[in-house]
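Since every read-out is calculated from the coordinates, none of them should be taken as a lab result. In this text, all values refer to a predicted model and were calculated from it rather than measured experimentally.
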């Protein structure tokens, strides 16, 4: 699990114009002052903001690994990642999707163009 947490942190920090800040008992990763992911190291879990289509797609992967936050936040796209059940490549894909969902178009377009 420590490997997945370290991977999550390194990918999130490497995205364009990302800042990290405390968020209650968690760490928040922001782009242009908007949170796209939080990390709860104590519970070995992260939470990301996805659009409904991406949320549905990632939740198909493994219901123990990726699942909506169980309240109104989940209905608005906030999705948990449980590190002990998730594969490294899913962490990268889900972080990219969350970043693109929240980042301004000029930053997300640059990221998407760079992946092509």
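What length, rounded to one decimal in nm, is gained on full extension from residue 57 through to residue 75, with 0.36 nm per residue of separation minus their alpha-carbon distance?
Using 0.36 nm per residue and subtracting the Cα-Cα distance, I get 5.0 nm.
Could you tell me which label, among (i) 34, 28, 27; (ii) 51, 29, 22; (iii) 65, 57, 24, carries the value of Cα extents along the principal axes in Å calculated for this structure?
Here Cα extents along the principal axes in Å agrees with entry (i).
Mind checking the full-extension length gain between residue 44 and residue 64? Use 0.36 nm per residue of separation minus the Cα-Cα distance, one decimal, nm.
5.9 nm
Multiply the residue gap between residue 93 and residue 1 by 0.36 nm, knock off their C-alpha separation, and tell me the result in nm, one decimal place.
Difference between extended and current length: 31.4 nm.
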